[in-house]
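One structure is given below, represented as structure tokens, and several questions about it will come after.
The values are calculated or read from the model by the stated rules, or taken from the named source; none is laboratory data. Quick caveat: nothing in here was measured; it's all calculated off a predicted structure. No Cβ is skipped: glycine too gets one built from the backbone with ideal geometry, and neighbour counts run over all protein chains shown. Surface areas here come from the heavy atoms of the whole protein model, side chains and all, with no ligands, DNA or RNA. Shrake-Rupley method; radii C 1.70, N 1.55, O 1.52, S 1.80 Å.
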Amino acid sequence: MATKWIQGAIGKSGALRSRLGVGKNKTIPTSQLSAIVKRLHEKAKKGKLTSAELTLLRRSLSALRLKGFA
């Protein structure tokens with residue numbers, strides 16, 4: 001098994017934090033991430049997501065998954 005696989009999975013560290021406007025030393029609330037995922041999933045059911053929305057969805061899902069490791 002590869003060591004430090006999480007570091008390789010994260011492409012642009014801090015991109016989600018800056019997009020959401022959360023301070024550098026603050027944690028992103030799980031409720032905020034869940035709300036974003038829920039909103040974008042609902043929008044995806046109705047139609048297509050834009051490239052920026054798809055990126056935000058992927059980053060939010062990754063953040064939720066990685067919160068389980070902490």
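Restricting to the stretch 1-48, count the residues that are over 18 Å from Phe69 (Cα atoms) and over 15 Å from the mean Cα position of the chain (by Cα).
Number satisfying all stated conditions: 10.
Shifting gears a bit: Just one of (1) more than 17 Å from Ala9 (Cβ to Cβ); (2) open to solvent by 70 Å² or more (accessible area, probe 1.4 Å); (3) within 10 Å of the chain's Cα centre (by Cα) trips up Arg65, so point out which.
Here Arg65 clears every test but (1).
Pick from the stretch 1-51 the residues that are in contact (Cβ under 8 Å) with a residue 12 or more places away in the chain and not in a helix (DSSP H, G or I): which of them is surrounded by the fewest Cβ atoms within 10 Å (Cβ to Cβ)?
Ile10
Next question. Taking the stretch 52-70 on its own, how many of its residues are part of a loop (DSSP other than H, G, I, E, B) and closer than 16 Å to Arg17 by Cβ?
Qualifying residue count for the region: 1.
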